[in-house]
Amino acid sequence: MNTTTDVTTDARADARAAQIADEAGERRFNELLASESRVEPSDWMPEGYRKTLIRQISQHGHSEIIGMQPESNWIARAPSLKRKAILMAKVQDEAGHGLYLYSAAQTLGVDRETMFDQLITGKAKYSSIFNYTTPTWADMGSIGWLVDGAAICNQVPLCRVSYGPYGRAMVRICKEESFHQRQGFEILLELMRGTDAQKEMAQESVNRWYAPALMMFGPPDEDSPNSKQSMAWNIKRFSNDDLRQRFVDMLVPQAEILGVTLPDAALRWNEERGHYDFGDLDWSEFHEVLAGRGPANTIRVSRRREAHENGAWVREAARAYADAQAESRRGLVA
Amino acid sequence: MTSPGDSGMRETWPLWEVFVRASRGLSHVHAGSLHAPDEIMAVRNARDLYTRRAEGVSVWVVRAAAITASDPDAKDSFFESPQGKEYRHATYYTESDAVPHL
């Protein structure tokens, strides 16, 4: 009997056809990248590209969701009704940004429940900056000015990222983030125009957030082995060190307007480079926080898990109600 | 035929695509997607998620699974018809470039 042979031949033909389709897909993918065009969900893409993007976009989404916590901490204690309203709007924006990003990640074939599971079981990473605590009101200013400022610096180039749904999410996010940075700057400005105690509070907060904000761009280029591939795929547009430099250059004149001192003795204008020089960062701290040993890692993830688990009955009840409504509509029609 | 953004059965709530009309006289334009248990909640969630800064005066939602898209693998042949038919554009007619009001 040669049935087995036929099956083998068919399988070989299928494998060959799949290979030809992959080769055509890969050619098209490379053409899209070369022409700075966009890759859309239904296009062929290399597995590594898909995996890297799922990781990058979901981590970014998780950062937005976890990023609500350090600020929601201050909503009830913000010094005026106006400040409370602004802070609520900002936290609501972060929730929205998380949702845009989760939607973008889903177009790559990961489902939302999986991403939630990864976050609440501590398997997924998110930006380390949110593992720092916010003990003073001035921290709302520092988060807006420094943390959101660094995030914007990182995100504006991502509006031109090669993956269409990610780029579109970033355009929307960047539009909304600009208010976040300005409101933070104004919180600090108001404190710096206040009493000595208020000025001191602003300065103390900037002292704590400056270095962690600079570390948000990730490790130095020589210690960032995946950057090169990501840049070739146009899912990262500038290197970590380039973005960090750009951020410091923007920060110095802003700090002068605020009247705060950036806590970096090595910070000075370098005429030759046309940039500010700045001191080395403590990367052992970065790796510690990344490894889960930051000031607030445990509480951030456990809060998120509680909220997710406590909300389960609401999600299920809403689903049951929708199903029942649909059922009774069908009954009426019949 | 495929539905864009339909990622399987593990979701508690189905996925909806959201279209927002920025102001009267304009079309509804695709803004993004969201999860919601039913159409009423989908419209409310769409308002909260996509019109926080007065981006719209009207919202449409449609279940992502109800959208039929052209076959992504056949895009070349499917959209072939207009290729080489530049005469369908006004710019094809250059003799009249200098003629006013044409």
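The values are calculated or read from the model by the stated rules, or taken from the named source; none is laboratory data. Since this is a predicted model, take the numbers as computed values, not measurements. Methodologically, a virtual Cβ is constructed for each residue, glycine included, from the backbone with ideal geometry; neighbour enumeration extends over all protein chains shown. Each accessible area value is taken on the protein alone, full model and side chains, heavy atoms only, with ligands, DNA and RNA left out. Shrake-Rupley method; radii C 1.70, N 1.55, O 1.52, S 1.80 Å.
How do the helices (runs of 4 or more DSSP H) wholly within segment A:215-334 filter down when requiring 1 or more residues that are more than 29 Å from A:Q183 (Cβ to Cβ) and open to solvent by 80 Å² or more (accessible area, probe 1.4 Å): which remain?
A:227-232, A:283-288, A:297-310, A:312-333
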Problem set entry | Residue that is farthest from A:I57 (Cα to Cα), among those in segment A:170-195 that are touching a Phe, Trp or Tyr at 6+ places or on another chain (Cβ under 7 Å) and within 14 Å of chain B (Cβ to nearest Cβ) | A:R172
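For (1) charged (D, E, K, R); (2) open to solvent by less than 50 Å² (accessible area, probe 1.4 Å); (3) over 17 Å from A:D242 (Cα atoms), each residue gets a yes or a no:
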| position | (1), (2), (3) |
| --- | --- |
| A:W145 | no, yes, yes |
| A:A151 | no, yes, no |
| A:Q155 | no, yes, no |
| A:S162 | no, yes, yes |
| A:R168 | yes, no, yes |
| A:E176 | yes, yes, yes |
| A:Q181 | no, yes, yes |
Problem set entry | Pick from segment A:6-32, criterion more than 39 Å from the chain's Cα centre (by Cα) and surrounded by 11 or more Cβ atoms within 10 Å (Cβ to Cβ), ranking: farthest from B:D76 (Cα to Cα) | A:T8
Exercise. Are there any pairs, at least 6 apart or on different chains, whose C-beta atoms fall under 6 Å, with the first in segment A:40-56 and at negative phi and the second of a type in the set (S, T, Y) and surrounded by fewer than 19 Cβ atoms within 10 Å (Cβ to Cβ), and if so, which?
Worked result: none
Exercise. If only one of A:Q198, A:Q203 is at pLDDT 95 or above, in a helix (DSSP H, G or I), open to solvent by 50 Å² or more (accessible area, probe 1.4 Å) and over 28 Å from A:R50 (Cα atoms), which one is it?
Worked result: A:Q198
Exercise. When the residues of segment A:84-131 are filtered to those that are of a type in the set (S, T, Y) and either surrounded by fewer than 19 Cβ atoms within 10 Å (Cβ to Cβ) or more than 10 Å from chain B (Cβ to nearest Cβ) (or both), which remaining residue is farthest from A:A296 (Cα to Cα)?
Worked result: A:T114
Problem set entry | Output for segment B:46-69, where each listed residue is in contact with a helix residue (DSSP H, G or I) (Cβ under 6 Å, 6 or more places away or on another chain) and either open to solvent by 80 Å² or more (accessible area, probe 1.4 Å) or within 14 Å of chain A (Cβ to nearest Cβ) (or both) | B:L49, B:V61
For this session: Give, as residue ranges, the helices (runs of 4 or more DSSP H) completely inside segment A:1-87 that count at least 3 residues that are under 19 Å from A:Y102 (Cα atoms) and in contact with a helix residue (DSSP H, G or I) (Cβ under 9 Å, 6 or more places away or on another chain).
Result: A:47-66
For this session: For segment B:70-82, indicate whether the set of residues that are away from chain A (no Cβ under 13 Å), in a helix (DSSP H, G or I) and open to solvent by 70 Å² or more (accessible area, probe 1.4 Å) is non-empty.
Result: yes
Problem set entry | Residues of segment B:25-45 satisfying the condition of being open to solvent by less than 70 Å² (accessible area, probe 1.4 Å), more than 9 Å from chain A (Cβ to nearest Cβ) and within 15 Å of the chain's Cα centre (by Cα) | B:H28
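One line per residue, one yes/no per condition, for (1) acidic (D, E); (2) more than 10 Å from chain B (Cβ to nearest Cβ); (3) touching a Ser or Thr at 6+ places or on another chain (Cβ under 9 Å):
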{"site": "A:G294", "(1), (2), (3)": "no, yes, yes"}
{"site": "A:N297", "(1), (2), (3)": "no, yes, yes"}
{"site": "A:V301", "(1), (2), (3)": "no, yes, yes"}
{"site": "A:E306", "(1), (2), (3)": "yes, yes, no"}
{"site": "A:N310", "(1), (2), (3)": "no, yes, no"}
{"site": "A:A317", "(1), (2), (3)": "no, no, no"}
{"site": "A:D323", "(1), (2), (3)": "yes, no, no"}
{"site": "A:G331", "(1), (2), (3)": "no, yes, no"}
